[in-house]
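Okay, so here's the structure we're looking at.
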Amino acid sequence: MKRREFIGLVGGAVAWPLTASAQQQGKIVTIGILAIEPWPSIDTFRQALDDLGYIEGKNVRFVYRYAKGDNERLPELANELVGLNVDVILTWRTDAVLAAKQATATIPIVMGAIGDPVGSGIVTNLARPGGNITGCALRVAELEAKRLQLLKEVVPELSRVAILFNPTNHYMPLALQSARQGAQMLHVTLAVYEVHDTTTLDAAFVILTKDRPDAFMVPADTFLVSQRSRIAQFAIENKLPSIYSFREYLEAGGLIAYTPDYHDLFRRAARYVDKILKGTKPGELPIEQPTRFDLLINLKTARALGLTVSPRLLARADEVLE
């Protein structure tokens, strides 16, 4: 069964001569990739560029700078890309975008995906971001509240929900604000557990075992997704229903994920890069939001937790893992 949400988007563009030269005949375009870690959607981005005529080794090359999970390295890596005079920087996640913004006000920056660029202070307006930044943003004001709603559909008696919170992630306060708004509407209490490394994750597991919430949720975070197998296994062992922001959690044994279609966002990012390299000013390109969301349910995990997922919710799922 397919479930999709569509939002119409429109926007204008004007010529930007600073980057028009990137399409001069015979020039090899250099695209810098800045991120905390590699992401599967980067392959989608490269394929989309290939479909647009950018052939790696012929007229485009990619320069990668990954922080390997260490956010503090991002400013240094962003400066390296600026020093290489790349034509465009593709980046994703709030901390990486902030590092790129700090490093340059002239090289175009395209966001593959970011929680809330306005709330994070990256731009002031989604329709006309201005400056050198554009791309795709998630609807942070709705996502965590929606995840809580889905969690309550699985656990109707839901009363107290734990949320894992990484204080080093600039996106987290926005995610927590959204979760609290959702909790208020659903008359659910949120318990926040700060986690930023394996030591604090271990400590959170110990406290969660004692506190026994009805369920828990995990917002988007690089460190937390790197610990997905441990988190999903903990949830199963302790009979805790859980909901996540990435598909990877379900593949590790998580119960539910409600996630934007990141591959679609990175295909759009490729189109933005194409427009910019042909002379469009990035600040005049509206920042787009997801039009596709995936609801994923792991029935094997539901059985392990002793849960019965309603046929109605299963019918709305985009994918059911058996």
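The values are calculated or read from the model by the stated rules, or taken from the named source; none is laboratory data. Predicted model, so just to flag it, every value in this text is computed and none were measured. FYI the Cβ positions are ideal-geometry reconstructions off the backbone, even for glycines, and counts take in every protein chain you see. Side chains included, ligands, DNA and RNA excluded: accessible areas come from the protein's heavy atoms. Shrake-Rupley method; radii C 1.70, N 1.55, O 1.52, S 1.80 Å.
Would you be able to say whether some residue in the stretch 224-233 is farther than 29 Å from residue 48 by Cα and over 22 Å from the mean Cα position of the chain (by Cα)? Yes.
Looking at the stretch 114-127 only, could you name the residues that are open to solvent by 40 Å² or more (accessible area, probe 1.4 Å) and either free of Cβ contacts under 8 Å to residues at least 24 places away in the same chain or closer than 23 Å to residue 179 by Cα (or both)?
The answer is 118, 119, 121, 124, 125, 126.
Scanning the stretch 298-322 for residues that are in contact (Cβ under 8 Å) with a residue 40 or more places away in the chain, outside any helix (DSSP H, G or I) and not β-branched (Val, Ile, Thr) gives 298, 305, 306, 307, 310, 317, 318, 321.
Within the stretch 63-74, work out how many residues are surrounded by fewer than 17 Cβ atoms within 10 Å (Cβ to Cβ) and either in a helix (DSSP H, G or I) or among the aromatic types (Phe, Trp, Tyr) (or both). Counting residues in the stretch 63-74 that are surrounded by fewer than 17 Cβ atoms within 10 Å (Cβ to Cβ) and either in a helix (DSSP H, G or I) or among the aromatic types (Phe, Trp, Tyr) (or both) gives 3.
Within the stretch 199-218, the set of residues being at pLDDT 95 or above, under 19 Å from residue 306 (Cβ atoms) and buried (at least 19 other Cβ atoms within 10 Å of the Cβ) comprises 208, 213, 215.
Filter the stretch 228-262 down to the residues that are out of contact with any Lys or Arg (no Cβ under 9 Å at 6 or more places or on another chain) and open to solvent by 30 Å² or more (accessible area, probe 1.4 Å) and list them by number. Those that are out of contact with any Lys or Arg (no Cβ under 9 Å at 6 or more places or on another chain) and open to solvent by 30 Å² or more (accessible area, probe 1.4 Å): 228, 229, 230, 233, 236, 237, 239, 247. When residue 277 is tested against (1) modelled with pLDDT of 95 or more; (2) within 24 Å of the chain's Cα centre (by Cα); (3) of a type outside the set (S, T, N, Q), exactly one condition is not met: (2). Considering the conditions (1) open to solvent by 50 Å² or more (accessible area, probe 1.4 Å); (2) touching a residue at least 12 places away in the same chain (Cβ under 8 Å), residue 130 is excluded by exactly one of them, (1).
When residues in the stretch 120-143 are screened for being at pLDDT 90 or above and either polar (S, T, N, Q) or under 24 Å from residue 264 (Cβ atoms) (or both), 14 of them pass.
Tell me yes or no: at least one residue of the stretch 276-291 is hydrophobic (A, V, I, L, M, F, W, C), open to solvent by 40 Å² or more (accessible area, probe 1.4 Å) and more than 19 Å from residue 216 (Cβ to Cβ). Checking the stretch 276-291: not a single residue is hydrophobic (A, V, I, L, M, F, W, C), open to solvent by 40 Å² or more (accessible area, probe 1.4 Å) and more than 19 Å from residue 216 (Cβ to Cβ). In this entry, residue 18 passes the filter for residues that are at pLDDT below 95, open to solvent by 50 Å² or more (accessible area, probe 1.4 Å), among the hydrophobic types (A, V, I, L, M, F, W, C) and not in a loop (DSSP other than H, G, I, E, B). All of 48, 13 fail the test of being over 18 Å from the mean Cα position of the chain (by Cα), small (Gly, Ala, Ser) and at pLDDT 90 or above, apart from 48. Inside the stretch 141-162, can you point out the residues that are in contact with an Asp or Glu (Cβ under 8 Å, 6 or more places away or on another chain), β-branched (Val, Ile, Thr) and surrounded by fewer than 24 Cβ atoms within 10 Å (Cβ to Cβ)? Across the stretch 141-162, the qualifying residue is only 155.
Selection within the stretch 41-51: residues that are of a type outside the set (Gly, Ala, Ser) and open to solvent by less than 70 Å² (accessible area, probe 1.4 Å). The member of this set that is nearest to residue 135 (Cα to Cα) is 45.
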